[in-house]
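Undergrad: I'd like to ask some things about the structure below.
The values are calculated or read from the model by the stated rules, or taken from the named source; none is laboratory data. What you are looking at is a predicted structure, and each value in this text was computed from that prediction instead of being measured. Here Cβ is always computed from backbone atoms with ideal geometry, including for glycine, and neighbour counts include all displayed protein chains. Keep in mind that these areas ignore ligands, DNA and RNA; they rest on the heavy atoms of the full protein, side chains included. Shrake-Rupley method; radii C 1.70, N 1.55, O 1.52, S 1.80 Å.
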Amino acid sequence: MKKLFLGSIASILGFIAVFSGFFIHNNISEAKALGGAAMITIEASSGRILYGHNYHIKRPMASVTKILTAIAVIDNTNDLNKKISVPKEAVGIEGSSIYLAANEQISILDLLYGLMLQSGNDCAVALALVTSGSIEKFSILMNETALKAGAKNSNFVNPHGLHHDNHYTTAYDLAMITAYAMQNETFKQISSTRKQVIERTRENGITHIQNKNRLLASFEGADGVKTGFTKRAGRTLVASATREEMQIIAVVLNCGPMFEDCATLMNRAFAEFTMQKIACKYQKIADVSIQNSRKKTVAAGVLEDFYYPLKNDEQIKITVNPINNLAGPLKKGGEAGKISFMLNNQLLFETNLYTIEDAPAFSIKDYLKKILTDW
């Protein structure tokens, strides 16, 4: 099923509105009682906001920082199975740890498992140093990756999420970062793993690690992603689940019952929304006027199926803006204009309109016939 994937939406649709706030803000009163200080629930492929409150407020986020750390490493590492020597600067980091030793040999992939399952702060530092050479340079990479994912109101200064006054994000930005990260199969595999054995060269280090995300064992379709806690940030959770090809991401910040609230929000989303086809591949959407052709019009549509999360009583309105002065000959698949998808008078996204049939040009015989007819 073709969806609107966030990581490549600009190239697929040629339009950046999805990252600029053109979402349906469907906040409900009951949702405001959930999710702690800030909350958001989105459908991952479209980025549609289903429920939320305070989701643009900047807040500390603790170890859910490691979602960005992991995808920044994965995006910028050619060989995840490569074994590295643990830098001494990664040893003895405050908080959660797998107790790395200086110069210990361990693969980058195992460090990623230690990062995401055990929430190892030492793994975070080791990965940052191996990837970029310093925490400062890796922080730059993190912020670049966040912007690529559509997160515009965040600033990351470390890879683990220990408190720093200049280290902050929003529930919305975390949802965008997570939607981007979950497109990567390696990231998704790691974040959905409940138990893992990692190879160590240190005898006293942790080798059997278990995911701290309880929803993986209790929630139908759960496939990630990360828990977090500091005194300043409170309990934080980014959760994800997929049912019938619809992926829901829920983010709660400073939320005591974080597992229960995320489960409630995702269950509600699955009950109220379904992925519905809003445009069919090669199905005629409009007839576009054409000149210099045996045809007066050419059928136009899209070259792929598009889906969007909708309630049963919601309907998409389609607006076509064809190219003026199209002239034959035209081949199937040629650009014929733009098509906009609207919901409740708000623009969801815009993409190209294409010809879905050939339109031959006038031949010499056609021109002669036209001259004689006009004469």
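Undergrad: Restricting to the stretch 191-242, what's the tally of residues that are open to solvent by less than 50 Å² (accessible area, probe 1.4 Å), part of a loop (DSSP other than H, G, I, E, B) and of a type in the set (D, E, K, R)?
TA: Residues in the stretch 191-242 being open to solvent by less than 50 Å² (accessible area, probe 1.4 Å), part of a loop (DSSP other than H, G, I, E, B) and of a type in the set (D, E, K, R): 1 in total.
Undergrad: Go through (1) in a helix (DSSP H, G or I); (2) within 13 Å of Ala72 (Cα to Cα) and name the single condition Lys188 misses.
TA: Only one criterion is unmet by Lys188, namely (2).
Undergrad: Then there's this: Being farther than 20 Å from Thr242 by Cβ and modelled with pLDDT of 95 or more is true for just one of Val252, Val288. Which residue is that?
TA: Being farther than 20 Å from Thr242 by Cβ and modelled with pLDDT of 95 or more holds for just one of Val252, Val288, which is Val288.
Undergrad: Can you tell me which residue among His160, His167 is touching a residue at least 60 places away in the same chain (Cβ under 8 Å), open to solvent by less than 70 Å² (accessible area, probe 1.4 Å) and in contact with a Cys (Cβ under 9 Å, 6 or more places away or on another chain)?
TA: His160
Undergrad: Based on this model, can you work out whether Gln315 counts as assigned to a strand (DSSP E or B), open to solvent by 10 Å² or more (accessible area, probe 1.4 Å) and without any contact (Cβ under 8 Å) to a residue 60 or more places away in the chain?
TA: no
Undergrad: Only one of these conditions is not met by Tyr51: (1) open to solvent by 10 Å² or more (accessible area, probe 1.4 Å); (2) over 15 Å from the mean Cα position of the chain (by Cα). Which number is it?
TA: If we test Tyr51 against (1) open to solvent by 10 Å² or more (accessible area, probe 1.4 Å); (2) over 15 Å from the mean Cα position of the chain (by Cα), just (1) comes out false.
Undergrad: Kindly check whether there is at least one residue in the stretch 277-294 that is open to solvent by less than 30 Å² (accessible area, probe 1.4 Å) and under 29 Å from Val238 (Cα atoms).
TA: There is at least one residue in the stretch 277-294 that is open to solvent by less than 30 Å² (accessible area, probe 1.4 Å) and under 29 Å from Val238 (Cα atoms).
Undergrad: For the stretch 205-220, which residues satisfy the criterion of being of a type in the set (S, T, N, Q) and modelled with pLDDT of 95 or more?
TA: Passing the criteria: Gln210, Asn211, Asn213, Ser218.
Undergrad: Report the residue count in the stretch 247-257 for those that are open to solvent by 10 Å² or more (accessible area, probe 1.4 Å) and in contact (Cβ under 8 Å) with a residue 24 or more places away in the chain.
TA: Counting residues in the stretch 247-257 that are open to solvent by 10 Å² or more (accessible area, probe 1.4 Å) and in contact (Cβ under 8 Å) with a residue 24 or more places away in the chain gives 3.
Undergrad: Right, next: Inspect all residues belonging to the stretch 111-123 and state whether any of them is more than 30 Å from Gly256 (Cβ to Cβ) and either under 24 Å from the mean Cα position of the chain (by Cα) or without any contact (Cβ under 8 Å) to a residue 40 or more places away in the chain (or both).
TA: Yes, the stretch 111-123 has at least one match.
Undergrad: Just the residues that are open to solvent by less than 10 Å² (accessible area, probe 1.4 Å), part of a helix (DSSP H, G or I) and either of a type in the set (Ser, Thr, Tyr) or in contact with a Phe, Trp or Tyr (Cβ under 9 Å, 6 or more places away or on another chain) (or both), please, taken from the stretch 84-124.
TA: Leu112, Met116, Asp122, Cys123
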